[in-house]
Amino acid sequence: MMTALMIAIVVLGGSAGDVFITKGMKQVGEISTVHPRKLISIAARVLTNVNFLIGLFFMACSFFAFLAVLSWADLSFVLPATSLSFVITTLGAKFILNEQITRLRLAGTVLVCLGVALISLP
Amino acid sequence: MKTATVLIVAIVAQTMGNVYLTKAMKSVTGGGDVLATAMRAASDPMVWLGTALLIVFFALYSAALSWADLSFVLPATAFGYVLNVAAGHYFLNETVTPARWAGSLVITLGVFLVSRSGARTVTQAASLRSDASEISR
């Protein structure tokens, strides 16, 4: 039960983190310069963007839950379970960020999810 | 093209970062408590190099998200898993099981499909604008 809860935090925390970071980066706007001084001012805007920081916080929660669950569960069980985050994040992108998920993209994402599960089996 | 370049550099940085960190962390284990191990890790330049490369990865990943879809960037960076498996095999002499090579192949196929789906959601207004700018050119 505790393991399931922790894996849920790993997966949902990671997905929420990605969604918030994307929100924040879209607010900052498209980065289309390699000029060092402009990049520094963009970095300052990113690091003070509330959505970006919330995303970072969720990712940190996800990472620490991952470390915690590894202290009692097997990596070969935890890692394939986390491949679910590809599908969950895609759902978040569709329903929260209003991205268009074409059939091609969905098929590719499901394959990636399967492949990651295969790779992380013992 | 911009998306592809940024993501490829990001993935290579991530893989190199993981290889350096694994190499370094394997060499700092053994002897002493957690604190002693942490101190040894913090004084190893290879740990810092690995960490710096992972920061480069995260910066480029975030940069790509400033213009491309999350539902594109996330599965596309999964190609990093394949590079990591290959790097583990060639640089760290890890044994790679047939299931892992099969998984790598499935991921590659998935990333290929995702990469054919275009990096950003095209809203109707945006596509009308780009049509208009093409006509005016």
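Quick note: the coordinates plus some simple rules give every number you see, no bench work behind them. Keep in mind that this is a model prediction, so the values were computed, not measured. Virtual Cβ from ideal backbone geometry, glycine too; neighbours counted across all protein chains shown.
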**Request:** Could you list the chymotrypsin sites (Phe, Trp or Tyr not before Pro) in segment A:1-82 that lie in coil according to DSSP, counting only those with at most 11 other Cβ atoms within 10 Å of their Cβ?
**Result:** A:Trp72
**Message:** Taking each pair of distinct Cα atoms in segment B:44-95 once, what is the resulting Kirkwood hydrodynamic radius in Å?
**Reply:** 12.7
**Per-residue HN-Hα couplings for segment A:99-116 [Karplus 6.51, -1.76, 1.60; θ = phi - 60°; Hz; x = Gly/Pro]** = 7, 7, 9, 6, 4, 4, 5, 4, 4, x, 5, 5, 4, 4, 4, 4, x, 5
**Prompt:** Based on the Cα atoms of chain B, what semi-axes does the equivalent ellipsoid have, where each is the square root of 5 times one gyration tensor eigenvalue, given in whole Å with the largest first?
**Reply:** 38, 19, 10
**Asked** Expressed as a whole percent, how much of the Cα-Cα distance distribution for chain A exceeds 20 Å?
**Response** 53
**Protection proxy ranking, peptides B:109-120, A:104-115, average beta carbon neighbours within 10 Å, highest first** = A:104-115, B:109-120
**Convex hull volume of segment B:1-68 per residue (C-alpha atoms, cubic angstrom)** = 71
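For peptide A:88-100, what's the mean number of Cβ atoms from other chains within 10 Å of each residue's Cβ?
On the way: counts 0, 4, 7, 1, 3, 7, 4, 0, 1, 4, 2, 7, 8.
Rounded to a whole number, the mean comes out at 4.
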**Prompt:** How do the peptides B:35-42, B:54-61 rank, highest first, by the average count of neighbouring beta carbon atoms within 10 Å per residue?
**Reply:** B:54-61, B:35-42
**Prompt:** What does the charge count near A:Leu111 come to, summing +1 for each Lys or Arg and -1 for each Asp or Glu among other residues with Cβ under 14 Å from its Cβ?
**Reply:** +3
**Request:** Return the long-range amide H neighbours of A:Gln100 (sequence gap of 5 or more, or a different chain), with a cut-off of under 5 Å between placed amide H atoms.
**Result:** B:Thr121
**Request:** Taking only Cα atoms and a 10 Å spring cutoff, compute GNM fluctuations for chain A and point out the largest among A:Ser71, A:Ser85, A:Ser15.
**Result:** A:Ser71
**Fill in**
Going residue by residue through segment B:97-114, the Karplus relation 6.51 cos²θ - 1.76 cosθ + 1.60 with θ = phi - 60° gives ³J(HN,Hα) values, rounded to whole Hz and with x marking Gly or Pro, of 6, x, 4, 5, 5, 4, x, 4, 5, 5, 4, 4, 4, x, 5, 4, 4, 4
**Request:** For the protein assembly as shown, build the convex hull from the C-alpha positions and give me its volume per residue in Å³.
**Result:** 155
